[in-house]
1. Among A:Lys477, A:Lys472, which is the only one that is out of contact with any Ser or Thr (no Cβ under 6 Å at 6 or more places or on another chain) and either surrounded by 24 or more Cβ atoms within 10 Å (Cβ to Cβ) or outside any helix (DSSP H, G or I) (or both)?
2. When you look at A:Gln170, is it more than 25 Å from A:Ser79 (Cβ to Cβ) and more than 14 Å from every other protein chain (Cβ to nearest Cβ), yes or no?
3. Please determine, by comparing only the residues of segment A:460-475 that are in contact with a Phe, Trp or Tyr (Cβ under 7 Å, 6 or more places away or on another chain) and facing chain B (nearest Cβ under 10 Å), which one is nearest to A:Arg493 (Cα to Cα).
4. Out of segment B:460-510, which residues are over 23 Å from B:Leu246 (Cβ atoms) and among the hydrophobic types (A, V, I, L, M, F, W, C)?
5. Within segment B:611-634, is there a residue that is open to solvent by less than 60 Å² (accessible area, probe 1.4 Å), part of a loop (DSSP other than H, G, I, E, B), free of Cβ contacts under 8 Å to residues at least 60 places away in the same chain and under 30 Å from B:Glu351 (Cβ atoms)?
6. Just give me the residues in segment B:282-333 being of a type in the set (S, T, N, Q) and either buried (at least 23 other Cβ atoms within 10 Å of the Cβ) or in contact with a strand residue (DSSP E or B) (Cβ under 8 Å, 6 or more places away or on another chain) (or both), in sequence order.
7. Which residue pairs have Cβ atoms closer than 8 Å, lie 6 or more positions apart in sequence or on different chains, and pair a first residue in segment A:20-39 that is assigned by TED's automatic domain parsing to the domain that holds A:Gly60 and within 16 Å of A:Thr78 (Cα to Cα) with a second residue that is open to solvent by 60 Å² or more (accessible area, probe 1.4 Å) and among the polar types (S, T, N, Q)?
8. Consider B:Ala671 carefully, then state whether it is in contact with an Asp or Glu (Cβ under 7 Å, 6 or more places away or on another chain), of a type in the set (A, V, I, L, M, F, W, C) and at pLDDT 95 or above.
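The values are calculated or read from the model by the stated rules, or taken from the named source; none is laboratory data. Being a predicted model, the structure only gives us computed values, none of them experimental. So basically every Cβ, Gly included, is an ideal-geometry build from the backbone, and we count neighbours across all protein chains shown. Surface accessibility is based on the protein's heavy atoms, side chains included, excluding ligands, DNA and RNA. Shrake-Rupley method; radii C 1.70, N 1.55, O 1.52, S 1.80 Å.
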Protein chains: 2
Amino acid sequence: MKKILFLFAVCLLSLNPVIAQELQSPNSKLKMKFSVTEDGTPVYKLSYKDKEVIKSSKLGFDLKDEKDLLDGFKIAETSTNSVNTTWKPVWGEESTIKNNYNELVVSLVQEETQRKLDIVFRLFNDGLGFRYIFPQQENLGHFVIKEERSQFAMTGDHTAFWIPGDYDTQEYDYTKSKLSEIRGKMEESITANISQTSFSNTGVQTSLMLKTDEGLYINLHEAALIDYATMHLNLDDEKMIFESWLTPDSQGDKGYLIAPAKTPWRTIIVSDDATDILASKLTYNLNEPSKIDDTSWIKPMKYIGVWWEMITGKSSWNYTDEYKAVKLGETDFEKAKPNGKHAANTEHVKEYIDFASEHGFGGVLVEGWNIGWEDWFGHSKDYVFDFVTPYPDFDVEELQKYAASKDVELIMHHETSSSVRNYERHLDTAYKFMNKYGYNAVKSGYVGDILPRGENHYSQWLVNHYQYALEKAAEHKIMINAHEAVRPTGIARTYPNLIGNESARGTEYQAFGGSKPNHVTVLPFTRLIGGPMDYTPGIFEMDISKLNPDNNSHVNSTLANQLALYVTMYSPLQMAADLPEHYMMFLDAFQFIKDVAIDWDKSIYLEAEPGDYITVARNAKNSNNWFVGNVNGNEARTATVKFDFLEKGKNYIATVYADAPDAHYKENPQAYEIKKYRVNSKSKLSQRSAPGGGFAISIIEAEKSEVKDLKKL
Amino acid sequence: MKKILFLFAVCLLSLNPVIAQELQSPNSKLKMKFSVTEDGTPVYKLSYKDKEVIKSSKLGFDLKDEKDLLDGFKIAETSTNSVNTTWKPVWGEESTIKNNYNELVVSLVQEETQRKLDIVFRLFNDGLGFRYIFPQQENLGHFVIKEERSQFAMTGDHTAFWIPGDYDTQEYDYTKSKLSEIRGKMEESITANISQTSFSNTGVQTSLMLKTDEGLYINLHEAALIDYATMHLNLDDEKMIFESWLTPDSQGDKGYLIAPAKTPWRTIIVSDDATDILASKLTYNLNEPSKIDDTSWIKPMKYIGVWWEMITGKSSWNYTDEYKAVKLGETDFEKAKPNGKHAANTEHVKEYIDFASEHGFGGVLVEGWNIGWEDWFGHSKDYVFDFVTPYPDFDVEELQKYAASKDVELIMHHETSSSVRNYERHLDTAYKFMNKYGYNAVKSGYVGDILPRGENHYSQWLVNHYQYALEKAAEHKIMINAHEAVRPTGIARTYPNLIGNESARGTEYQAFGGSKPNHVTVLPFTRLIGGPMDYTPGIFEMDISKLNPDNNSHVNSTLANQLALYVTMYSPLQMAADLPEHYMMFLDAFQFIKDVAIDWDKSIYLEAEPGDYITVARNAKNSNNWFVGNVNGNEARTATVKFDFLEKGKNYIATVYADAPDAHYKENPQAYEIKKYRVNSKSKLSQRSAPGGGFAISIIEAEKSEVKDLKKL
């Protein structure tokens, strides 16, 4: 590491000379230039293959009750550094991840206030990360951020895949539009949600996926969001400049910091090949290594659950319909009249355990097992759940024994209803309860408006809470799958017990009116940039009215598309979300879900275009087997898969689960074909996917004798 | 209990006939009349000895987003009940308390909405309590209170002893004025405080002490404040009607309730003798019996503490002056430069332990022992303390051993800085730490603005928090003395581990500029109505500049007045707040503090006038010894004490600690005289008290031979 100490000329007329610092990516394709303008404003710009990606963009902060940190800066010192290492994640798309970047640290001093501000830039081959550091110093201790003013100046009217900026929900369908069209399409894009707070006609969420007219792919997000407010991006659609827009607290303030402090990283992933965006590990690389020493208890898992039947309205979470309101500790459920629809009952859960055991699923999630679901949301209720008291028809001990005898783990469910104080009060007891009864993973939920009232789902207060719950869980050796919590930013590298998040529009919306057919061709470019999603795929019955006559929702996906999701939507936690009885009707297709791996040595994105298609091949961990997934957008398309990722000279059985020729996400979603082939590294497959369709392939290494009767591909 | 079911006449023209219900106190002196007006508004009025005390006053609620509960009611049912029992508090002014009242329950139905509301009235010989009950019902589940609308209509322009209504502080000096003068005196009465939020020019706090021109004493307060917002009183000073004004949450709402629910009791204590107000146990009687089964660990205690030296500025809580800000877990105190003023160091604490042991004090409080005091308030800091990590110069284990060897208990200190989430997160660990190191009591503090930001000290959210901390403490067998927490409302009956509260202007203000000389003649009529106060008396050095040359504050009290406070300010927890070296200078006077009892069989208020004087005699528990205290207001006055409370035929030694003839709170506060007399039940003493003065008497049973040389009184 070399340090460059600037010697400032004693020149009163030119206190802030424009001094530029350049940084190159290891492969020299990306170049970042940092400088300080005439008036002392820090600015940066970024180019890719000598083409501008980010035009000159300002950096800084509006502060509360003190002078802003926007201008009047000079460079006091800079230093550079290069890193080229690898690390091994506990779970992931790759068993080894390369971390290779060049770093520039710029130490600024605001001359009038003598306050110090450092900006750190890390330039990887796949993009840029930068963060602010407030060093320990005389003139800055506690401070309050009114707004972060990080700019991302676009070079033109790019195409964006965006969801409306919102302080309380991330569960919108994506809109594809020109930047200039965002304002006009905002209103229609803000669909109803239980808790939602939008803030600007040009405000969008990250991770934001962009494509320039020249075919450059740009992804904007953040990494290592710890004890800081979540960033949105607000567009100045005249100048085409995005600027950071943090999530405020109940008082409208955006961050309480104490120097020394650092912000999350702001990330810009860039490539002219869309598959590079999907393959990027930049977000993880900008997070700290694991802080959990013994990670042996963290295990990827496929699971089923008592869930879809409630989501569709076939069954209920609540035990009784008698009560207008429930008060824990006062309401007597033993005396309540059961509504006859309560799914989380001992007998029924045993059926799920039997099915899981028979078909090789490691886990069974049970929602609605604990008292309080009669009035669980919409009332700003403080003491909504205690997380340890089951309904009278749910026998915790017996089910735990039964599950263990079948080699299945029950997955705990903690719906907090966003009553966060209540959850924190019960957290320790709830985790101990899990430890006692052998639950190793919990799905947590944050439905509804936040308590403390006035707080938002993605403010510093809440970000701090999700982290608290995660770290406490690690102490108890518990894995977390947090729904409605803040979108991930690669924190799973540091706390690999964060095995899942929802934080986007999941499969449940297919029972709430449906999602766009190409939704799953966008998610890996946006939501998945920060970490895995518990998308809960595997729906085989697309007509929801067959489960609940009052629900006319339709799942906008073919059955083959549902299978492909187990490969395209990488997650160490994969649910088979449909009812066992539906899987029993399609056991041949279900075989893929049973076979597909859950952890990987290697992933190769074969082709991708956001909103249109993604095809990926993954090598199962410690195995020669591969799985391929293709998801397709709104138009039918034929993909070509070259099997050159396979080990040369070896033979494999490829089982292709594909849309039938007449398949269609709306008209004929359950039409699929299953074909077996003999393949090797020279094989090639042309496979058509229907609108909203896709295909899945399992590729299992085989002896020559096993494949001789199969058709060669 | 007799139930009266009303048979409503089928009369369309008169759906809401005015139906009056009358209730009398057991001694028939108080009469309460309840009725429903023509438009269905519930009203009550109260008389004492057939003189009106409360004129017809409305009852009800403004609700959010639904029809108010103010009018349109009819009486569906009423029931009455009489109770006459006694109970034994764990500690108190009396070892047996009489609970004798007549009760009326009125069940109302709002005809338009069919919502039910019950009002319960309990009439004691010393006053009225009433509360609202929202029964379990079809048409009312979750609801939000915009405002409670309970009126207390005064009969005239009474004299009031009041402090400004405020959502965040109770630490004002009292103003004595006519009700009509409140508005004009409000601004001058709102003195600066670290956290304060006033709301109305005629808003005042309870307990509010009133006196009519006819010499009737009226006290307004509340009892059993549980999971509800604290009540203030706002005066309509044209009509002279007080109305409830609840403390709002961060959103401006005043209460989130779920039927079945009940409000705290609203209390009106009435007498033509001021001593009856002081002796009233109505507030405790309206609370639930103890919920702690084994109370053997709850013990009254006298204590000293490492405290006054920081309050006066002689020493510091913080260990170093180096840091602008501290981050727990990051700031390294081992490397910090000590400021040389840190009082909570092992050696110094040992001196306190030695002093406590030598003079028979049970406890030593130590503030400033744990890291974080460098920037503990004023910054809205979230993670301000962890409550378990000592400064490098404070050896927890050694001190605990040392204290135990001297038969002294160390008292824990938890300053939360009002960062309530942080405190709740650490509460369990902090209490376990106390259990481990043998701390049985904790002084907790809530200085500064509340976190969650936007919340107020006395809103439902915070009331709920104080209760949570109290109940958790009971689980850990820990006694609580909460400072800056909400004013007590008799909850110590239910949770007798609440051995103290500050919740008013305590002795510390004598080092912050001083309090009014007659302050302690008001507090027992106001703040102490709800429970004991950790007033921290016993200051012997009134000139604070002798401790800290930069502090010119003066303690507005004579030394004899300080002694009297141990009797007049009843508390199971009494501090000797001054420095040991000051006690060493006045060992003869200090003897009273050493001798005075801390728990009582009986208390007799001999004479009292709010703002002017209080004289009380108390019988030490399980003993024949008595202690008398007199505190005096702004003018010199001679009190006459008849010793007829003593057991007949027995002899006692009375040691009288009184103001010297030339004593004066300002000019000559340390002038006192100590005289010993022989007394029996026929004795009588005329004793002058200086302005801001008083006297204290210890009356110890003695053999005839022991008293023969003493002057007879």
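1. Numbers: A:Lys472 fails: either surrounded by 24 or more Cβ atoms within 10 Å (Cβ to Cβ) or outside any helix (DSSP H, G or I) (or both).
Criteria check complete, one pass: A:Lys477.
2. Working: more than 25 Å from A:Ser79 (Cβ to Cβ): yes; more than 14 Å from every other protein chain (Cβ to nearest Cβ): yes.
When the stated conditions are applied, A:Gln170 passes them.
3. Among those residues, the one meeting the criterion is A:Lys472.
4. B:Ala473, B:Ala474, B:Ile478, B:Met479, B:Ile480, B:Ile499
5. No, the conditions are met nowhere in segment B:611-634.
6. The first filter runs over segment B:282-333 and keeps only residues of a type in the set (S, T, N, Q), leaving B:283, B:285, B:287, B:290, B:295-296, B:312, B:315-316, B:318, B:320, B:331.
Within segment B:282-333, B:Thr283, B:Asn285, B:Asn287, B:Thr312, B:Ser315, B:Ser316, B:Asn318, B:Thr320 meet the criteria.
7. Hits for this filter: A:Met32/A:Gln24.
8. Numbers: in contact with an Asp or Glu (Cβ under 7 Å, 6 or more places away or on another chain): yes; of a type in the set (A, V, I, L, M, F, W, C): yes; at pLDDT 95 or above: yes.
Judged against the criteria, B:Ala671 is a match.
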